[in-house]
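Undergrad: Let me give you the structure first, and then I'll get to my questions.
The values are calculated or read from the model by the stated rules, or taken from the named source; none is laboratory data. Computed from a predicted model, the values in this text were never measured in an experiment. Note that we place each Cβ from the backbone using ideal geometry, even for glycine, and neighbour counts take in every protein chain shown.
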Amino acid sequence: MRILLTNDDGIDAGGLQALRQALGSIHELYIAAPEKEQSAMSHAITMHKPLHAHSIAYPDATAWAVNGTPADCAKLGIEALLPSKPQLVLSGINHGSNLGRDVFYSGTVSAAMEGMFLGIPSIALSYNGRDEAGLRWSAEFVCWWLSHESFVAPLPGTLYNVNIPNIKDGLPATMVRVPLGRREYNNDFHRRVDPRGNEYFWLAGKPCDDIAEPNSDVGALAGGMITLTVLDMEVTSERLATADRLDLPPSFS
């Protein structure tokens with residue numbers, strides 16, 4: 001299978017490199033990833049400066065480091081760098097989970113979303129940790145899953161958001177399909193002063209997860225299961241508090 005790998009942690013990140021090592025000998029592998037970390041960039045794209053793609057030599061993949069965002073990397077890889085369209089886009093493996101409202105901030109998810117926009121089945125992959133052993137296990141799981149008879153690629157207009165629990169808490173034995181749960185953040189802006197006397201702010205904060213609902217991505221991951229959430233590009237809400245139609249008075253004509 002022709003696969004494009006990308007991420008938001010940068011081309012040298014352990015999660016992406018673990019995926020390359022697990023998949024490179026089996027699949028036709030390409031990589032277009034940011035040259036440096038681009039976490040929490042959401043779906044930003046670069047329009048006001050040139051993008052540069054520098055070739056990186058790997059024995060098992062054709063790769064480029066891009067001076068852009070994760071969405072840039074997916075778009076550039078699919079539409080300009082690869083000799084033909086990939087059959088699958090894998091974004092990750094992210095260092096840390098992407099749950100609940102994270103999907104609106106995550107560069108990992110947004111790169112997969114760009115693949116979806118361009119008509120390529122796409123999967124965002126995240127591991128709830130940063131340890132090398134866990135990232136390597138996660139990559140081996142992904143390799144096994146893609147070849148398993150149960151694997152079904154995302155339907156057009158959808159993508160998969162997959163989260164893998166930290167293996168330090170025990171190896172997961174189950175993968176479940178669940179909706180997004182509730183993850184909020186206790187944001188904390190640190191007010192500081194630079195050496196020239198200029199005030200600046202540094203955003204910190206920790207996630208506040210609602211694990212009371214086990215049948216959500218937040219709750220199931222906390223319960224030690226691999227979670228798969230199907231994200232849909234149709235985000236129109238039917239829960240409207242306003243009228244379906246409002247006729248303007250003649251004064252506006």
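Undergrad: Looking at segment 87-141, which of the residues that are of a type in the set (D, E, K, R) and assigned to a helix (DSSP H, G or I) is nearest to ILE226 (Cα to Cα)? Give the steps one after another, and end with the answer.
TA: First, the residues of segment 87-141 that are of a type in the set (D, E, K, R): 101-102, 114, 130-132, 136, 140.
Keeping just the survivors that are assigned to a helix (DSSP H, G or I) gives 102, 114, 132, 136, 140.
Details: ASP102: 17, GLU114: 23, GLU132: 18, ARG136: 15, GLU140: 14 Å.
Result: GLU140.
Undergrad: What number of residues within segment 215-232 satisfy the criterion of being part of a loop (DSSP other than H, G, I, E, B) and either farther than 21 Å from GLY96 by Cβ or among the basic types (Lys, Arg) (or both)?
TA: Going residue by residue through segment 215-232, those that are part of a loop (DSSP other than H, G, I, E, B) are 215-216, 223-225.
Still in the running and either farther than 21 Å from GLY96 by Cβ or among the basic types (Lys, Arg) (or both): 215.
Total meeting the criteria: 1.
Undergrad: Can I ask one more? From the list ALA22, ALA44, ALA40, ALA33, pick out the single residue that is touching a helix residue (DSSP H, G or I) at 6+ places or on another chain (Cβ under 7 Å), within 21 Å of ILE164 (Cβ to Cβ), at pLDDT below 95 and of a type in the set (A, V, I, L, M, F, W, C).
TA: Details: ALA22 fails: at pLDDT below 95; ALA44 fails: within 21 Å of ILE164 (Cβ to Cβ); ALA33 fails: at pLDDT below 95.
Result of the check over ALA22, ALA44, ALA40, ALA33: ALA40.
Here is a yes/no grid of residues against (1) under 20 Å from PRO86 (Cα atoms); (2) of a type in the set (Asp, Glu); (3) touching an Asp or Glu at 6+ places or on another chain (Cβ under 7 Å):
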{"residue": "THR6", "(1), (2), (3)": "yes, no, no"}
{"residue": "ASP9", "(1), (2), (3)": "no, yes, yes"}
{"residue": "LEU19", "(1), (2), (3)": "yes, no, no"}
{"residue": "SER39", "(1), (2), (3)": "no, no, yes"}
{"residue": "ALA44", "(1), (2), (3)": "no, no, no"}
{"residue": "HIS52", "(1), (2), (3)": "no, no, no"}
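Undergrad: Kindly indicate whether PHE201 is over 27 Å from the mean Cα position of the chain (by Cα), among the aromatic types (Phe, Trp, Tyr) and exposed (fewer than 10 other Cβ atoms within 10 Å of the Cβ). Lay out the reasoning, then the answer.
TA: On the way: over 27 Å from the mean Cα position of the chain (by Cα): no; among the aromatic types (Phe, Trp, Tyr): yes; exposed (fewer than 10 other Cβ atoms within 10 Å of the Cβ): yes.
No; evaluated as a whole, the condition is false for this residue.
Undergrad: Still on this structure: When segment 59-100 is examined, which residues are found to be within 18 Å of the chain's Cα centre (by Cα) and hydroxyl-bearing (Ser, Thr, Tyr)?
TA: THR69, SER91, SER97
Undergrad: Can you confirm whether ALA80 is within 30 Å of GLY219 (Cα to Cα) and part of a helix (DSSP H, G or I)? First the steps, then the outcome.
TA: Numbers: within 30 Å of GLY219 (Cα to Cα): no; part of a helix (DSSP H, G or I): yes.
No.
Undergrad: Would you check if PRO172 is surrounded by 15 or more Cβ atoms within 10 Å (Cβ to Cβ) and in a loop (DSSP other than H, G, I, E, B)? If you could, list the steps in order and put the result at the bottom.
TA: On the way: surrounded by 15 or more Cβ atoms within 10 Å (Cβ to Cβ): yes; in a loop (DSSP other than H, G, I, E, B): yes.
Against the criterion (surrounded by 15 or more Cβ atoms within 10 Å (Cβ to Cβ) and in a loop (DSSP other than H, G, I, E, B)), PRO172 qualifies.
Undergrad: If you don't mind, another one. Taking SER55, is it of a type outside the set (A, V, I, L, M), in a strand (DSSP E or B), in contact with a strand residue (DSSP E or B) (Cβ under 9 Å, 6 or more places away or on another chain) and farther than 15 Å from GLN17 by Cβ?
TA: Numbers: of a type outside the set (A, V, I, L, M): yes; in a strand (DSSP E or B): yes; in contact with a strand residue (DSSP E or B) (Cβ under 9 Å, 6 or more places away or on another chain): yes; farther than 15 Å from GLN17 by Cβ: yes.
Spelling it out, SER55 is indeed of a type outside the set (A, V, I, L, M), in a strand (DSSP E or B), in contact with a strand residue (DSSP E or B) (Cβ under 9 Å, 6 or more places away or on another chain) and farther than 15 Å from GLN17 by Cβ.
Undergrad: Starting from segment 63-89, keep only residues that are more than 20 Å from TYR105 (Cα to Cα), then list their pairs with residues that are among the basic types (Lys, Arg) and in a helix (DSSP H, G or I) whose Cβ atoms are within a distance under 9 Å, requiring at least 6 positions of separation or different chains.
TA: Here the result reads ALA63/ARG20, each pair linking segment 63-89 to a residue that is among the basic types (Lys, Arg) and in a helix (DSSP H, G or I).
Undergrad: Of all residues being in contact with a helix residue (DSSP H, G or I) (Cβ under 9 Å, 6 or more places away or on another chain) and among the acidic types (Asp, Glu) in segment 207-253, which is nearest to ARG177 (Cα to Cα)? Just the residue, please.
TA: My answer is GLU213.
Undergrad: For segment 193-200, state whether one or more residues are in contact (Cβ under 8 Å) with a residue 40 or more places away in the chain and among the hydrophobic types (A, V, I, L, M, F, W, C).
TA: In the first step, residues of segment 193-200 are kept if they are in contact (Cβ under 8 Å) with a residue 40 or more places away in the chain; the result is none.
Within segment 193-200 (the criterion being in contact (Cβ under 8 Å) with a residue 40 or more places away in the chain and among the hydrophobic types (A, V, I, L, M, F, W, C)), the answer is no, since none of the residues qualifies.
Undergrad: Going residue by residue through segment 15-38, is there one that turns out to be over 20 Å from LYS75 (Cα atoms), touching a residue at least 12 places away in the same chain (Cβ under 8 Å), touching a His at 6+ places or on another chain (Cβ under 7 Å) and of a type outside the set (Lys, Arg)?
TA: Yes, segment 15-38 has at least one match.
Undergrad: May I ask you to list the residues in segment 185-244 that are polar (S, T, N, Q) and closer than 26 Å to ALA153 by Cβ?
TA: Of segment 185-244, the ones polar (S, T, N, Q) are 186-187, 198, 215-216, 227, 229, 236-237, 242.
Hits for segment 185-244 are ASN215, SER216, THR227, THR229, THR236.
Undergrad: Quick one: what pairs do we get from segment 222-242, first residue modelled with pLDDT of 85 or more, second polar (S, T, N, Q) and in a loop (DSSP other than H, G, I, E, B), C-beta under 6 Å, 6+ apart or different chains?
TA: Sorted first by the residue in segment 222-242, then by its partner, the pairs are MET225/THR174.
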